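Here's the structure we're looking at; comments come further down.
The values are calculated or read from the model by the stated rules, or taken from the named source; none is laboratory data. Here the structure is a predicted model, which is why all the values come from computation and not from measurement. Because the Cβ atoms are built from the backbone with ideal geometry, glycine has one as well, and the counts that use them run over all protein chains shown.
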Amino acid sequence: MQHTGLPHEKHIHLPNAGTLKQLMEHRGECSVSIYFPTLQAGPETQQNRIHFKNALKQAEDGLRACGSSDEAIERTLAPIRGWADDEERWAHQGHGKAIFLHDGECHAHRLPASVEARTLVGDRFHVLPLIELQSASLDHYVLCLEQNGPRLLHSSAFAMDEVVMDFPSLSDVLGEELTNETQQGHSTNGAGGRHIFHGHGDGSDEEHKKELRKYCRAIDDAVRGILPSERTPLVVVAVDYVGAIYAEASHHGNLVGRVTGNPGSFDREELHRRALEVAEEQLRSPEHQDLERYEAARRTSKTTSDIRELLTAATDGRVELLLVADDQLRFGSWDPEKRKLSAAPETPRSENELLDLVAREVLAKGGRVRFMGDEDLELHADEPAVAVLRF
């Protein structure tokens, strides 16, 4: 980790899989995890600082209960001490905040969705809210083919952000093959967009279509070099004939659909909504499959919702799928060696939060974690989750 100032929080995003893994693997006595909701506009944004000040006080109390000296407390909290008076920081917020502190180091995230306020101190970071947000993220990518040149955006259920990348230019791809008309368009637009994507409304000129197909293939190669895998969902936004030619030229393994229209005519919110509508059916398919897997396992008694059995099965690597219905804090003291669950200490620590323990064990041992509504799982009020067991 490193000291995190405003530049490190420029974007509103979820921590990626690598960052989440680092947070999960972190161990260090008196580590602090802070979460609270934030508002983006209006007079209610003053609540952001109130949430922060409350969390700071809770962190101080937790560190003191953890046995930290006054000097150690100041060293741990030093990176965020001045935040309450930092006007620029509070002028740019997401919907939630996550802050992780240990021994003078800080890792902070502006989150794209609201989180419940909670502050925990212990020998590890509390990561359950991040696991929940990732479970619901519906990650996909959106490629816009427009007159100002192509753009690639990373999109989720919460937000859409542009991916910084270099696309090939028309001259790089076509060279001497450029027609006079396309050269004229290229001369006014270094990104290579105006005539290659909008030269003819119906795409009837065969020479132009040939050039467009070749350029689309080059764009496709560049995009595939950026996407995490061949199965990453990709939505293309373009006028009808351009989108059709790109789909024909593309070698990407998961082109989930197209939004027809000039991308430049959509504002960011509408672009996000339209692309998500196209991709959502496929993106939610794993969720439906997991529910079907749960229903099948329930008929064969390969499920458990008892918290002690959940902890035991997760510790033993027997959980294939963990379905969480309720992420409220539940504390206890779990001894993985003796497989024994007892009451939590008077001042619970982060390692005493039981659902966080189960979820991180499941992920560490190759299982899946998904957050679902109570109505989907039909659990009792005192059962926060259910596991589908491998054996």
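Exactly one residue among Leu120, Leu153 is farther than 30 Å from Lys57 by Cα and assigned to a strand (DSSP E or B), and that residue is Leu153. Surrounded by fewer than 14 Cβ atoms within 10 Å (Cβ to Cβ) and not aliphatic (A, V, I, L, M) - does that describe any residue in region 52-60? Within region 52-60 (the criterion being surrounded by fewer than 14 Cβ atoms within 10 Å (Cβ to Cβ) and not aliphatic (A, V, I, L, M)), the answer is yes, since at least one residue qualifies. Within region 316-337, the only residue that satisfies the criterion of being over 24 Å from Ala136 (Cα atoms) and crowded, with 19+ Cβ neighbours inside 10 Å is Trp334.
Residues in region 147-177 that are surrounded by fewer than 19 Cβ atoms within 10 Å (Cβ to Cβ) and among the aliphatic types (A, V, I, L, M): Ala157, Val163, Val164, Met165. Could you check Gln147 against (1) assigned by TED's automatic domain parsing to the domain that holds His51; (2) more than 18 Å from the chain's Cα centre (by Cα) and say which number it fails? Tallying (1) assigned by TED's automatic domain parsing to the domain that holds His51; (2) more than 18 Å from the chain's Cα centre (by Cα), Gln147 fails exactly one: (1).
Considering region 254-282 alone, what residues qualify as being hydrophobic (A, V, I, L, M, F, W, C), surrounded by fewer than 18 Cβ atoms within 10 Å (Cβ to Cβ) and under 23 Å from Phe371 (Cβ atoms)?
Listed by number, the list is empty, since nothing qualifies.
Of all residues in region 278-297, those that are in contact (Cβ under 8 Å) with a residue 12 or more places away in the chain have Cβ atoms under 7 Å from Cβ atoms of residues that are surrounded by 11 or more Cβ atoms within 10 Å (Cβ to Cβ) and part of a helix (DSSP H, G or I), 6 or more apart or on another chain, in Leu291/Asp376.
Return the residue satisfying two criteria in turn: it lies in region 335-386 and is more than 23 Å from the chain's Cα centre (by Cα) and small (Gly, Ala, Ser), and of such residues it is nearest to Cys30 (Cα to Cα). Residue satisfying both the conditions and the ranking: Ala344. For the subset of region 54-103 comprising residues that are more than 30 Å from Ala41 (Cβ to Cβ) and in contact (Cβ under 8 Å) with a residue 60 or more places away in the chain, which member is nearest to the chain's Cα centre (by Cα)? Per the criteria, the residue is His102. Against the criterion of being at pLDDT below 95, β-branched (Val, Ile, Thr) and touching a helix residue (DSSP H, G or I) at 6+ places or on another chain (Cβ under 9 Å), Thr38 qualifies. Of everything in region 150-167, what is over 10 Å from the mean Cα position of the chain (by Cα) and of a type in the set (A, V, I, L, M)? Give them in sequence order. Scanning region 150-167 gives Leu152, Leu153, Met160, Val163, Val164, Met165.
Scanning for something among the acidic types (Asp, Glu), touching a helix residue (DSSP H, G or I) at 6+ places or on another chain (Cβ under 8 Å) and not assigned by TED's automatic domain parsing to the domain that holds Cys30, does region 305-315 turn up at least one residue?
The answer is no, given that none of the residues of region 305-315 is among the acidic types (Asp, Glu), touching a helix residue (DSSP H, G or I) at 6+ places or on another chain (Cβ under 8 Å) and not assigned by TED's automatic domain parsing to the domain that holds Cys30.
Could you please let me know if Ile73 is of a type in the set (Val, Ile, Thr) and either more than 18 Å from Ala108 (Cβ to Cβ) or assigned by TED's automatic domain parsing to the domain that holds Arg360 (or both)? Judged against the criteria, Ile73 is a match.
Picking from Val319, Val256, which residue would you name as being assigned by TED's automatic domain parsing to the domain that holds Leu152, on the phi < 0 side of the Ramachandran plot, under 27 Å from the mean Cα position of the chain (by Cα) and modelled with pLDDT of 95 or more? Just a single option satisfies the conditions, and that option is Val256.
Summed over region 251-310, residues that are of a type in the set (S, T, N, Q), in contact with a Pro (Cβ under 8 Å, 6 or more places away or on another chain) and assigned to a helix (DSSP H, G or I) total 1.
Screening Gln93 against (1) part of a helix (DSSP H, G or I); (2) at pLDDT below 95 leaves a single unmet condition, (1).
The residues of region 365-379 that are modelled with pLDDT of 95 or more and of a type in the set (A, V, I, L, M) amount to a single one, Val369. Among the residues here, Leu355 does not qualify as more than 21 Å from Leu20 (Cβ to Cβ) and among the hydrophobic types (A, V, I, L, M, F, W, C).
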